[in-house]
Amino acid sequence: MDNDDATAAGDTAEKTQGRRTGRHLSQILEAIAADESRLRISVGDLFHALGDRAFGALMLIFALPNVVPTPPGTSALLGTPLVFLAAQLMLGYSPWLPQFIAKRSMTREDFAAIVRRIAPWLARAERMLRPRLTVLVYPPAEYLVGFACFCLAVILALPIPLGNILPALAICMFSFGILERDGLCTVIGWLLSVVSVVVVAGVLYALFKLAVLLVVTAFA
């Protein structure tokens, strides 16, 4: 068996095992990071390994870095895949990513270093989650969650000063809710969504007023 066949077999095994054992996201990521047969880990590799959990897991992976202040342009880069995923969730489609996103990769060592940093925090969060209020995380409520995430992802992709943290945090809560079938997380996600829209609207209004003031001053 050549390397490509071995990698494909590994992806299938991980996908099947993840579904059968109900492993947490942190455990799946640690298993991929520990697979020394891989030289690089791509977004497509994660996509296949996560199987039917890809929506929640990938949205969490793309949203989580935006919870903290990031260099300019980062939110736009990570927000674009979120728009794709959220739109599909909203429309009830199976998860899919275009090749230019799926082929993005990093070395296994770099991926393992990232996983080592985030896995303990992710595991702590997972221990606090459990299936509850499940009516809020299955269709048709799940489609509404997709709509909210789509709107938040669009906001996240826009170059709005300090406009990425709250939307990203809301998407993270929605993602945890989908991953662990925890409706309470989606309730928190909805509350954060409302706060995010209010804050971003306030920032845009302030920028508009500032622009008007500058124009008036310039022509005065």
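Quick look at the values:
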quantity	calculated
Full-stretch length increase - Thr217, Val187 - with 0.36 nm per residue and alpha-carbon distance subtracted	6.3 nm
Carbon plus sulfur fraction of accessible area for region 116-220, probe 1.4 Å, in percent	80 percent
Cβ crowding within 10 Å averaged over residues, with 53-65, 182-194, 28-40 ranked highest first	53-65, 182-194, 28-40
1.4 Å probe accessible area per residue over region 104-220, in Å²	58 Å²
Three-way shape label, region 116-197, alpha-carbon gyration tensor, a/c 1.5	oblate
Label-point separation, Leu144 to Val203 (7 Å along Cα→Cβ), nm	2.7 nm
Paramagnetic label zone (point 7 Å from Cα along Cα-to-C-beta, Arg124; backbone N under 18 Å) in region 38-65	64-65
Region 67-212: relative contact order in percent, alpha carbon pairs under 8 Å with at least 6 residues between	30 percent
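The values are calculated or read from the model by the stated rules, or taken from the named source; none is laboratory data. Every value quoted in this text rests on a predicted model; they were computed, and no experiment measured them. Don't worry about glycine lacking a Cβ; one is built from the backbone with ideal geometry, like all the others, and counts go over all protein chains shown. Each accessible area value is taken on the protein alone, full model and side chains, heavy atoms only, with ligands, DNA and RNA left out. Shrake-Rupley method; radii C 1.70, N 1.55, O 1.52, S 1.80 Å.
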